[in-house]
Amino acid sequence: MADKQISLPAKLINGGIAGLIGVTCVFPIDLAKTRLQNQQNGSRLYTSMSDCLIKTIRSEGYFGMYRGAAVNLTLVTPEKAIKLAANDFFRHHFSKDGKITLFKEMLAGCGAGTCQVIVTTPMEMLKIQLQDAGRIAAQRKLMPETVAAGTVETKSPTAMQITRQLLREKGIAGLYKGLGATLLRDVPFSIIYFPLFANLNNFGKRGAEGPAPFYVSFISGCVAGSTAAVAVNPVDVIKTRLQSLTRGNTEDTYAGVTDCIRKIMRNEGPSAFLKGAYCRALVIAPLFGIAQVVYFLGVGEFILSFLPKKDK
(Lines give C-alpha, C1' and ligand atoms only; values in the text may rest on other atoms or scores of the structure.)
Protein backbone atom coordinates (compact mmCIF):
# COMPACT_ATOMS: atom_id res chain seq x y z
CA MET A 1 0.00 0.00 0.00
CA ALA A 2 1.50 3.35 -1.02
CA ASP A 3 2.19 6.08 1.49
CA LYS A 4 0.39 9.34 0.85
CA GLN A 5 2.72 11.61 -1.11
CA ILE A 6 2.84 15.16 0.22
CA SER A 7 5.13 17.97 -0.90
CA LEU A 8 7.91 19.01 1.49
CA PRO A 9 6.48 22.53 2.13
CA ALA A 10 3.11 20.98 3.01
CA LYS A 11 4.80 18.50 5.36
CA LEU A 12 6.58 21.35 7.15
CA ILE A 13 3.37 23.37 7.52
CA ASN A 14 1.40 20.35 8.75
CA GLY A 15 4.06 19.43 11.30
CA GLY A 16 4.35 23.00 12.55
CA ILE A 17 0.61 23.59 12.95
CA ALA A 18 0.13 20.25 14.65
CA GLY A 19 2.93 20.99 17.09
CA LEU A 20 1.53 24.41 18.01
CA ILE A 21 -1.98 23.06 18.65
CA GLY A 22 -0.74 20.01 20.54
CA VAL A 23 1.70 21.85 22.80
CA THR A 24 -0.90 24.47 23.72
CA CYS A 25 -3.33 21.73 24.79
CA VAL A 26 -0.98 19.56 26.85
CA PHE A 27 1.78 21.88 28.14
CA PRO A 28 0.57 21.97 31.79
CA ILE A 29 0.80 18.17 31.93
CA ASP A 30 4.31 18.37 30.48
CA LEU A 31 5.28 20.85 33.21
CA ALA A 32 3.98 18.42 35.86
CA LYS A 33 5.99 15.62 34.24
CA THR A 34 9.23 17.64 34.44
CA ARG A 35 8.69 18.58 38.08
CA LEU A 36 7.77 15.05 39.12
CA GLN A 37 10.80 13.61 37.34
CA ASN A 38 13.17 16.13 38.92
CA GLN A 39 12.13 15.83 42.55
CA GLN A 40 14.32 13.45 44.52
CA ASN A 41 13.96 11.64 47.84
CA GLY A 42 14.00 14.13 50.69
CA SER A 43 12.69 16.98 48.54
CA ARG A 44 9.31 15.71 47.35
CA LEU A 45 6.84 18.57 46.99
CA TYR A 46 4.30 16.82 44.78
CA THR A 47 2.58 13.48 45.24
CA SER A 48 0.95 13.27 41.81
CA MET A 49 0.22 15.15 38.61
CA SER A 50 -2.99 16.68 39.97
CA ASP A 51 -1.25 17.69 43.22
CA CYS A 52 1.52 19.34 41.20
CA LEU A 53 -0.91 21.30 39.02
CA ILE A 54 -3.04 22.42 41.99
CA LYS A 55 0.00 23.62 43.94
CA THR A 56 1.40 25.33 40.84
CA ILE A 57 -1.82 27.29 40.32
CA ARG A 58 -1.98 28.25 44.01
CA SER A 59 1.61 29.49 44.18
CA GLU A 60 2.21 30.76 40.63
CA GLY A 61 -1.24 31.43 39.21
CA TYR A 62 -2.89 29.85 36.18
CA PHE A 63 -0.15 30.94 33.79
CA GLY A 64 2.41 29.32 36.06
CA MET A 65 1.40 26.09 34.35
CA TYR A 66 2.75 27.54 31.10
CA ARG A 67 6.28 28.35 32.27
CA GLY A 68 8.55 27.62 29.33
CA ALA A 69 5.67 27.42 26.86
CA ALA A 70 7.07 30.24 24.72
CA VAL A 71 10.27 28.28 24.11
CA ASN A 72 8.31 25.15 23.31
CA LEU A 73 5.89 26.94 20.99
CA THR A 74 8.76 28.69 19.19
CA LEU A 75 10.84 25.58 18.59
CA VAL A 76 8.16 22.88 18.36
CA THR A 77 7.32 23.96 14.80
CA PRO A 78 10.76 23.15 13.35
CA GLU A 79 11.07 20.11 15.65
CA LYS A 80 7.79 18.48 14.60
CA ALA A 81 8.30 19.53 11.00
CA ILE A 82 11.73 17.88 10.90
CA LYS A 83 10.46 14.73 12.64
CA LEU A 84 7.44 14.16 10.40
CA ALA A 85 9.11 15.24 7.17
CA ALA A 86 12.23 13.15 7.86
CA ASN A 87 10.18 10.05 8.58
CA ASP A 88 8.23 10.50 5.34
CA PHE A 89 11.46 11.08 3.42
CA PHE A 90 13.08 7.91 4.75
CA ARG A 91 9.90 5.85 4.27
CA HIS A 92 9.69 6.99 0.65
CA HIS A 93 13.39 6.24 0.13
CA PHE A 94 13.12 2.76 1.68
CA SER A 95 9.84 1.77 0.05
CA LYS A 96 9.76 -0.39 -3.06
CA ASP A 97 6.72 -0.36 -5.36
CA GLY A 98 4.78 1.44 -2.65
CA LYS A 99 5.53 -1.22 -0.02
CA ILE A 100 7.84 -1.07 2.97
CA THR A 101 8.93 -3.77 5.43
CA LEU A 102 8.63 -3.41 9.20
CA PHE A 103 12.44 -3.30 9.53
CA LYS A 104 12.68 -0.43 7.05
CA GLU A 105 9.84 1.35 8.84
CA MET A 106 11.95 1.14 12.00
CA LEU A 107 14.99 2.45 10.11
CA ALA A 108 12.92 5.39 8.86
CA GLY A 109 11.83 6.14 12.43
CA CYS A 110 15.45 5.92 13.56
CA GLY A 111 16.41 8.48 10.93
CA ALA A 112 13.60 10.80 11.96
CA GLY A 113 14.53 10.61 15.65
CA THR A 114 18.18 11.30 14.87
CA CYS A 115 17.37 14.35 12.74
CA GLN A 116 15.02 15.97 15.24
CA VAL A 117 17.55 16.21 18.11
CA ILE A 118 19.14 19.17 16.30
CA VAL A 119 16.19 21.21 17.56
CA THR A 120 14.89 19.02 20.39
CA THR A 121 17.98 19.19 22.62
CA PRO A 122 18.26 22.99 22.99
CA MET A 123 14.46 23.28 23.18
CA GLU A 124 14.27 20.75 26.02
CA MET A 125 17.32 22.28 27.73
CA LEU A 126 15.70 25.72 27.96
CA LYS A 127 12.18 24.44 28.64
CA ILE A 128 13.27 22.29 31.58
CA GLN A 129 15.02 25.22 33.33
CA LEU A 130 11.89 27.36 33.03
CA GLN A 131 9.47 24.58 34.00
CA ASP A 132 11.46 23.55 37.06
CA ALA A 133 12.09 27.09 38.35
CA GLY A 134 8.74 27.07 40.17
CA ARG A 135 9.60 23.82 41.95
CA ILE A 136 12.90 25.25 43.19
CA ALA A 137 11.18 28.46 44.34
CA ALA A 138 8.55 26.43 46.20
CA GLN A 139 11.30 24.41 47.91
CA ARG A 140 12.85 27.61 49.23
CA LYS A 141 9.56 28.59 50.85
CA LEU A 142 8.15 25.23 51.97
CA MET A 143 11.31 23.15 52.47
CA PRO A 144 14.11 25.58 53.37
CA GLU A 145 16.23 22.72 54.73
CA THR A 146 16.75 21.50 51.14
CA VAL A 147 18.31 24.81 50.05
CA ALA A 148 21.91 25.72 50.75
CA ALA A 149 22.39 28.09 53.66
CA GLY A 150 22.71 31.71 52.58
CA THR A 151 21.10 31.11 49.20
CA VAL A 152 19.28 34.24 48.10
CA GLU A 153 16.01 33.88 46.26
CA THR A 154 16.35 35.31 42.77
CA LYS A 155 13.87 36.13 40.06
CA SER A 156 13.27 33.28 37.61
CA PRO A 157 15.48 33.74 34.55
CA THR A 158 14.08 34.14 31.06
CA ALA A 159 14.88 31.86 28.14
CA MET A 160 17.11 34.54 26.59
CA GLN A 161 19.03 35.01 29.86
CA ILE A 162 19.62 31.26 30.15
CA THR A 163 20.68 31.07 26.49
CA ARG A 164 23.16 33.95 26.83
CA GLN A 165 24.60 32.49 30.03
CA LEU A 166 25.07 29.04 28.51
CA LEU A 167 26.65 30.44 25.33
CA ARG A 168 28.93 32.71 27.35
CA GLU A 169 30.08 29.99 29.76
CA LYS A 170 30.11 26.86 27.60
CA GLY A 171 29.52 27.91 24.02
CA ILE A 172 27.07 26.10 21.77
CA ALA A 173 27.81 22.87 23.68
CA GLY A 174 25.96 24.37 26.67
CA LEU A 175 22.69 24.28 24.75
CA TYR A 176 23.35 20.67 23.76
CA LYS A 177 23.93 19.31 27.25
CA GLY A 178 22.14 15.97 27.45
CA LEU A 179 22.44 15.34 23.71
CA GLY A 180 23.37 11.69 24.26
CA ALA A 181 20.38 11.09 26.53
CA THR A 182 18.11 12.90 24.07
CA LEU A 183 19.28 10.59 21.29
CA LEU A 184 18.77 7.56 23.56
CA ARG A 185 15.19 8.73 24.12
CA ASP A 186 14.12 10.06 20.72
CA VAL A 187 15.61 7.41 18.44
CA PRO A 188 13.92 4.44 20.22
CA PHE A 189 10.74 6.52 20.53
CA SER A 190 10.61 7.07 16.77
CA ILE A 191 11.54 3.45 16.05
CA ILE A 192 8.51 2.36 18.11
CA TYR A 193 6.10 5.18 17.23
CA PHE A 194 6.18 5.48 13.45
CA PRO A 195 5.89 1.77 12.50
CA LEU A 196 3.23 1.22 15.19
CA PHE A 197 1.22 4.21 14.01
CA ALA A 198 1.48 3.23 10.34
CA ASN A 199 0.31 -0.32 10.98
CA LEU A 200 -2.52 0.70 13.33
CA ASN A 201 -3.63 3.33 10.84
CA ASN A 202 -3.66 0.77 8.02
CA PHE A 203 -6.33 -1.24 9.83
CA GLY A 204 -8.80 1.61 9.40
CA LYS A 205 -8.16 2.37 5.75
CA ARG A 206 -11.06 2.48 3.33
CA GLY A 207 -10.01 -0.09 0.76
CA ALA A 208 -6.52 -0.77 -0.53
CA GLU A 209 -5.79 2.81 -1.62
CA GLY A 210 -8.23 4.92 0.37
CA PRO A 211 -7.08 7.03 3.33
CA ALA A 212 -8.04 6.21 6.90
CA PRO A 213 -10.78 8.37 8.49
CA PHE A 214 -9.44 11.19 10.64
CA TYR A 215 -10.61 9.53 13.86
CA VAL A 216 -8.62 6.39 13.00
CA SER A 217 -5.50 8.53 12.49
CA PHE A 218 -6.17 10.29 15.79
CA ILE A 219 -6.66 7.08 17.77
CA SER A 220 -3.66 5.45 16.08
CA GLY A 221 -1.50 8.47 16.93
CA CYS A 222 -2.68 8.43 20.56
CA VAL A 223 -2.09 4.69 21.04
CA ALA A 224 1.29 4.66 19.29
CA GLY A 225 2.41 7.86 21.04
CA SER A 226 1.49 6.76 24.55
CA THR A 227 3.04 3.30 24.02
CA ALA A 228 6.33 4.76 22.79
CA ALA A 229 6.32 7.43 25.53
CA VAL A 230 6.02 4.92 28.38
CA ALA A 231 8.61 2.63 26.78
CA VAL A 232 11.31 5.35 26.76
CA ASN A 233 10.30 7.09 30.00
CA PRO A 234 13.34 5.79 31.96
CA VAL A 235 15.64 7.57 29.48
CA ASP A 236 13.44 10.69 29.69
CA VAL A 237 13.97 10.77 33.46
CA ILE A 238 17.74 10.57 32.91
CA LYS A 239 17.62 13.31 30.26
CA THR A 240 15.56 15.61 32.51
CA ARG A 241 17.97 15.15 35.43
CA LEU A 242 21.05 15.74 33.26
CA GLN A 243 19.63 18.90 31.69
CA SER A 244 18.51 20.51 34.95
CA LEU A 245 21.01 23.18 35.97
CA THR A 246 19.49 24.20 39.34
CA ARG A 247 18.90 21.76 42.20
CA GLY A 248 18.16 21.79 45.89
CA ASN A 249 21.03 21.41 48.35
CA THR A 250 20.12 17.79 49.15
CA GLU A 251 19.62 16.69 45.54
CA ASP A 252 22.17 14.71 43.54
CA THR A 253 24.16 16.08 40.63
CA TYR A 254 25.25 13.85 37.76
CA ALA A 255 28.39 13.55 35.65
CA GLY A 256 26.75 11.69 32.78
CA VAL A 257 24.24 9.04 31.77
CA THR A 258 26.01 6.17 33.58
CA ASP A 259 26.52 8.20 36.76
CA CYS A 260 22.87 9.28 36.68
CA ILE A 261 21.61 5.70 36.33
CA ARG A 262 23.85 4.51 39.18
CA LYS A 263 22.81 7.27 41.60
CA ILE A 264 19.10 6.95 40.84
CA MET A 265 19.25 3.17 41.38
CA ARG A 266 21.19 3.55 44.62
CA ASN A 267 19.26 6.46 46.16
CA GLU A 268 15.75 6.13 44.76
CA GLY A 269 15.37 2.60 43.41
CA PRO A 270 14.25 1.38 39.98
CA SER A 271 10.74 2.79 40.38
CA ALA A 272 12.22 6.30 40.01
CA PHE A 273 12.73 5.62 36.30
CA LEU A 274 8.93 5.54 35.93
CA LYS A 275 8.42 8.99 37.47
CA GLY A 276 6.12 11.05 35.29
CA ALA A 277 5.38 8.10 32.98
CA TYR A 278 1.61 8.58 33.01
CA CYS A 279 2.07 12.35 32.56
CA ARG A 280 4.30 11.72 29.57
CA ALA A 281 1.73 9.33 28.09
CA LEU A 282 -0.99 11.96 28.60
CA VAL A 283 1.22 14.54 26.87
CA ILE A 284 2.35 12.46 23.92
CA ALA A 285 -0.97 10.74 23.13
CA PRO A 286 -2.99 13.84 22.15
CA LEU A 287 0.13 15.60 20.82
CA PHE A 288 0.73 12.94 18.20
CA GLY A 289 -2.97 12.24 17.70
CA ILE A 290 -3.48 15.89 16.77
CA ALA A 291 -0.32 15.85 14.65
CA GLN A 292 -1.51 12.92 12.57
CA VAL A 293 -5.00 14.37 12.07
CA VAL A 294 -3.55 17.68 10.82
CA TYR A 295 -1.07 15.79 8.67
CA PHE A 296 -3.65 13.53 7.08
CA LEU A 297 -6.33 16.21 6.70
CA GLY A 298 -3.87 18.05 4.46
CA VAL A 299 -3.99 21.44 6.19
CA GLY A 300 -0.63 22.34 4.64
CA GLU A 301 -1.83 21.49 1.14
CA PHE A 302 -4.95 23.62 1.72
CA ILE A 303 -2.87 26.63 2.78
CA LEU A 304 -0.47 26.22 -0.14
CA SER A 305 -3.39 26.08 -2.59
CA PHE A 306 -3.96 29.80 -2.00
CA LEU A 307 -0.44 30.73 -3.04
CA PRO A 308 0.15 31.79 -6.65
CA LYS A 309 1.61 29.00 -8.74
CA LYS A 310 4.63 29.60 -10.93
CA ASP A 311 4.18 29.13 -14.61
CA LYS A 312 6.19 26.23 -15.96
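Summary of values
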item: Within-14-Å neighbourhood charge of GLY180 [Cβ basis; K, R +1; D, E -1]; result: 0
item: Accessible surface of TYR215 - all protein chains present, 1.4 Å probe, nearest 10 Å²; result: 120
item: Region 158-237 and region 39-82: distance between their alpha carbon centers, rounded to Å; result: 18
item: Among LEU130, LEU200, LEU102: highest mean-square fluctuation, GNM of the chain, C-alpha pairs under 10 Å; result: LEU102
item: Contact order relative to length of the chain, as percent, for alpha carbon pairs under 8 angstrom and 6 or more apart; result: 28
item: Cα-based helix-to-principal-axis angle, 214-231 vs the chain, degrees rounded to 10; result: 40
item: Flagged links, alpha-carbon separation over 31 Å, of LYS127/LYS263; LYS33/LYS99; LYS99/LYS239; LYS33/LYS83; LYS99/LYS177; result: LYS33/LYS99; LYS99/LYS239; LYS99/LYS177
item: Size of charge dipole - the chain - debye, nearest 20, with Cβ of Lys, Arg +1 and Asp, Glu -1, no other charges; result: 220
item: Kirkwood hydrodynamic radius (C-alpha pairs) into Stokes-Einstein, region 233-312, 20 °C and 1.002 mPa s, D in µm²/s; result: 132
item: Contact order relative to length of region 177-312, as percent, for alpha carbon pairs under 8 angstrom and 6 or more apart; result: 32
item: Mean projected area in nm² (Cα convex hull; one quarter of hull surface) for region 159-312; result: 14.2
item: Diffusion constant of region 178-223 at 4 °C, which comes from Stokes-Einstein with the Kirkwood Cα-pair radius and 1.567 mPa s, µm²/s; result: 110
item: Estimated inter-spin distance, ARG164 and ALA231, nm [label 7 Å along Cα→Cβ]; result: 4.3
item: Region 201-312 - percent of accessible surface contributed by carbon and sulfur, probe 1.4 Å; result: 67
item: Of all accessible heavy-atom area on region 23-134, the percent that carbon and sulfur account for (1.4 Å); result: 67
item: Surface per residue (accessible, 1.4 Å probe) for the chain, Å²; result: 47
item: Potential lengthening between ASP51 and TYR215 on full extension [0.36 nm per residue; Cα-Cα distance subtracted]; result: 55.9 nm
item: Spatial separation of Cα centroids for region 103-137 and region 257-312, in angstrom; result: 9
item: Semi-axis lengths, Å, region 1-138, gyration tensor of Cα atoms, sqrt of 5 times eigenvalues; result: 36, 16, 12
item: Directionally averaged shadow of the chain, computed from the convex hull of its alpha-carbon atoms, nm²; result: 18.2
item: Degrees between helix 69-94 axis and first principal axis of the chain (Cα, 0 to 90, nearest 10); result: 40
item: Given charges at Cβ of Lys, Arg, Asp, Glu: region 170-250 dipole, positive-most of ALA228, GLN243, PHE197; result: GLN243
item: Estimated dipole of region 1-118 in Debye, rounded to 20 [Cβ of Lys and Arg +1, of Asp and Glu -1, Cα centre]; result: 120
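The values are calculated or read from the model by the stated rules, or taken from the named source; none is laboratory data. Predicted, not measured: the structure shown is a model, and the values here were computed from it. We place every Cβ from the backbone using ideal geometry, glycine too, and count neighbours over all the protein chains shown. With ligands, DNA and RNA removed, areas are computed over all heavy atoms of the protein, side chains included. Shrake-Rupley method; radii C 1.70, N 1.55, O 1.52, S 1.80 Å.
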